[in-house]
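Undergrad: First the structure, then my questions, so here it is.
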Amino acid sequence: MEYLLSLLIGVSLSATSGFRIFVPLLVLSIFSLAGWVELTPAFSWLGTYPALAALSVATILEITAYFFPYMDNLLAAVAAPAGVLAGVLITAAVLVDFHPMLAWALAIVTGGGAALGGSVVSNLMHTGSTAVSDGAANPVLSAVESLFAVINSFLALIIPVLAFLMLLVLALIVFYIYRAIRNKRRGRFKSRKIFLILTGIQNLPANL
């Protein structure tokens with residue numbers, strides 16, 4: 001059971017790093033300093049005050065940058081590889097009772113995969129927001145996304161099962177909304193194409 005909980009913590013934090021890279025790392029650092037979570041020896045540096053200070057500054061800068069219109073889309077694209085790397089490191093840091101080889105294998109597959117999934121969901125959210133509101137709603141979305149990253153990071157270390165379920169529900173909702181928007185835009189394009197074809201046919205005798 002402890003193995004599964006450790007893996008759930010790692011996966012949930014990793015997926016959250018797909019939304020905000022430094023928030024899960026900062027929360028993990030806070031919990032490690034407080035003695036509420038055990039980290040592997042290789043990542044014990046996360047539970048130090050210099051790491052806490054550096055991650056705090058990085059988190060503030062990252063969250064602030066997302067409030068600038070259109071820059072959030074650029075950050076979301078650039079942050080995807082960094083999020084995957086953070087996901088791998090986070091998962092490797094919390095898999096204390098695993099054999100090192102197995103821990104790294106799980107960290108790469110589950111941690112990296114979860115972080116990539118989080119990045120995909122985040123990118124879909126920002127792409128949909130930009131398409132619907134021309135970027136006007138992106139700062140609000142960024143604020144909600146940052147708040148979600150903070151809440152889910154704490155939940156991942158307190159109630160990892162709930163944090164994992166929240167991520168799954170969010171992913172399903174985002175994919176459903178994105179598909180609905182895409183189908184609606186395709187429907188409009190087809191309707192316009194049909195209209196232009198019919199108009200062209202109707203105007204054809206007048207042009208002869």
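Derivation of every value follows stated rules applied to the coordinates shown; laboratory data play no part. If you're wondering where the values come from, they're calculated on a predicted model, not measured in any experiment. Cβ sites come from the backbone with ideal geometry, for glycine too, and all protein chains shown count toward neighbours.
Undergrad: How far is helix 71-94 tilted, in degrees, relative to the longest principal axis of the Cα atoms in the chain, given as a value from 0 to 90 rounded to the nearest 10?
TA: Approximately 30 degrees, to the nearest ten.
Undergrad: Compute the helix-to-body angle for 2-17: its Cα long axis versus the longest principal axis of the chain, expressed 0 to 90° and rounded to tens.
TA: Around 50 degrees separate the two axes.
Undergrad: If you don't mind, there's one more thing I want to ask. With the cut-off at 1.5 for a/c, could you classify the stretch 1-79 from its C-alpha gyration tensor as rounded, prolate or oblate? Display every interim value, and only then the final one.
TA: Numbers: a/c = 3.12, a/b = 1.59, b/c = 1.97.
Since a/c reaches 1.5 but b/c is at least a/b, the shape of the stretch 1-79 is classed as oblate.
Undergrad: Also: Which is the longest stretch in the chain that no exposed loop site breaks, taking sites as chymotrypsin sites (Phe, Trp or Tyr not before Pro) with a DSSP loop state and at most 14 other Cβ atoms within 10 Å?
TA: The segment 71-208 is the longest one with no such site.
Undergrad: Of the candidates Gly112, Gly47, Gly35, which one comes out as most mobile in a Gaussian network treatment of the chain with C-alpha springs shorter than 10 Å?
TA: Residue with maximal mean-square fluctuation among Gly112, Gly47, Gly35: Gly35.
Undergrad: Can you pull the three principal axis extents for the Cα set of the stretch 1-157, in Å, largest first?
TA: Principal-axis extents of the Cα atoms in the stretch 1-157, largest first: 49, 30, 23 Å.
Undergrad: I would also like to ask the following. Alpha carbon centre of the stretch 100-166 versus the stretch 10-65: separation in Å?
TA: Each part's Cα centre sits 15 Å from the other's.
Undergrad: A further question on this structure: How tilted is helix 49-65 with respect to the longest principal axis of the chain? Cα atoms for both, answer in degrees (0 to 90, nearest 10).
TA: Taking the Cα atoms of the chain, the angle to 49-65 is about 10 degrees.
Undergrad: Oh, and also: Given charges of +1 on the Cβ of Lys and Arg and -1 on the Cβ of Asp and Glu, with all other atoms neutral, how large is the dipole of the stretch 2-207 about its Cα centre, in debye to the nearest 20? Mind showing how you got there, number by number?
TA: On the way: 10 positive and 7 negative charges, 284 e Å.
Dipole about the Cα centre, nearest 20: 1360 debye.
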